[in-house]
1. On full extension of the chain, what length is gained from K188 through A108, given 0.36 nm per residue of separation minus the C-alpha to C-alpha distance?
2. Could you name the aspartates and glutamates in cross-link range of K228, using Cα to Cα under 20 Å and dropping any fewer than eight places away on the same chain?
3. Anything over 23 Å Cα to Cα? Flag those among K106/K242; K240/K274; K95/K139; K70/K240, in the order listed.
4. Quick check on the chain: helices-only [θ] at 222 nm, where DSSP H runs of length 4 and up contribute -39,500 (n - 2.57) each and the sum goes over total residues. Nearest 500, please.
5. In degrees, nearest 10, range 0 to 90: what is the angle between the Cα axis of helix 62-80 and the longest Cα principal axis of the chain?
6. Pull out the extension gain between E210 and R271, defined as 0.36 nm times the separation in residues minus the alpha carbon to alpha carbon distance; nm, one decimal.
7. So if I average 1/r over every pair of distinct C-alpha atoms in the chain and take the inverse, what Kirkwood radius in Å does that give?
8. If you place +1 on the Cβ of every Lys and Arg and -1 on the Cβ of every Asp and Glu, how big does the dipole about the Cα centre of the chain come out, in debye to the nearest 20?
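Please treat every number below as a calculation from the coordinates, not as lab data. Computed from a prediction, not measured in an experiment: that's the story for all the values here. Because the Cβ atoms are built from the backbone with ideal geometry, glycine has one as well, and the counts that use them run over all protein chains shown.
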Amino acid sequence: MTSIDYLIVGQGLAGTLLAHYLLKENCTIKIIDPHFAGSASKVAAGIINPITGRRVVKSWKIDTLIPFAKQCYQEIEAKFGIAIFQECNILRALKNVKDENLWFSKTAYYDLAAYLAEEPKTGAYAGQLKDVFSFGEIKQSAQVDVKLLMETYRDYFLAADLLQSTRFDHRQLVQQANTIQYQDWEAKKVIFCEGHQARFNPYFDFIPFEAAKGEMLIVHIPDSNFKKILKHGIFIVPLKNKDHYWIGATYEWEFEDDAITQMAKEELLARLEKVLKLPFEVVAHYAAVRPTVKDRRPFVGLHPRLPNLGFFNGLGTKGTSLSPFWAKQFVDFLIHNIALPETVGLERCYSDTVEEGKA
Ligand SMILES: Cc1cc2nc3c(=O)[nH]c(=O)nc-3n(C[C@H](O)[C@H](O)[C@H](O)COP(=O)(O)OP(=O)(O)OC[C@H]3O[C@@H](n4cnc5c(N)ncnc54)[C@H](O)[C@@H]3O)c2cc1C
């Protein structure tokens, strides 16, 4: 039996960044993950977008999340000598004068001014788009190369013998007085970071998931040279490979599995053709499931009755901005006993339905 501080189940964004901050506190950890194909972090565009919705409002806690995320990703860049964080403005297509008036009225709002450019610049998109009245431009947005981040940390964990590539079997957990055992490990706590697969975790079946399947394409648009992210019904996100773009995504709340479908591909192609004048070719097509929850706030904390089981999940559509800050908050709670805010607590959906003694 090997004693460790934390056993982490899942090495998506949540598990990786939790491990990042636990290692910084000199904790001993082990991660278990067979890297399922339909994991959200594998396909995410990695966009950090401070302004959302038709009403042009700030994302929740974004003033805190963006600087924190930037510092975290730059720290990881320095640790491994990789480039994963790229500040990149988002151009938002405005369809009519009403949208335009709303957008430009918002540029005068004190708390939005830092995020909205006064004079949008379309750059290489000029003349290449259909069905646009005008543009708004979002500043302080960014794109994180989530795939490279995951793969780099995965190699690091494997080399340090911190990662086991198998599926975690919840039935093999054995509760002890102050610790918990799983196979050959005895840990102070097991922290579940299973993304949408947490829907099948018997210990946390009271969390109200509304998982959303998403499909996306990688396309090549010859001689396009787009530098900014475009939101025009669909997202066009420049990738490192010249003239290659992440295109997406679909939202499906009722689905059988996490496999790619012809229907979603056709939907994405139709949406891209509707807005883009240039010819393009599809290079790849992926699908995954977002760990979305009903109230769209992450879940960070311990099981209400079994305090050696933790949970970090519900990152939904905003994993890149949410995960660095909440991973650090969780580690501060675990190591330094700094309380977590109720907004992210598991208590908000914990009621008498979590029966005494259940799982
Ligand atoms: C198409 C699409 C586009 C997206 N675009 C963006 C974007 O632009 N910006 C943004 O911020 N977010 C985006 N997201 C959301 C983002 O991907 C998620 O918020 C984030 O990746 C969730 O990370 P996670 O670690 O919670 O889950 P996941 O990435 O799903 O990771 C969970 C991990 O747990 C492992 N696991 C599960 N069960 C077990 C088990 N029993 N045993 C062992 N391991 C297990 C899985 O293999 C997986 O590696 C997008 C998502 C999708 C699907």
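1. Details: separation 80, 0.36 × 80 = 28.80 nm, distance 5.11 nm.
Gain in length upon complete extension: 23.7 nm.
2. List returned: E87, E100, E118, E119, D131, E137, D145, D243, E273, E281.
3. Going by Cα-Cα distance, K106/K242; K240/K274 fall outside the 23 Å limit.
4. Per the formula, -8000 deg cm²/dmol.
5. The angle comes out near 70 degrees.
6. 19.5 nm
7. When all Cα pairs of the chain are included, the Kirkwood radius is 21.5 Å.
8. My answer is approximately 900 debye.
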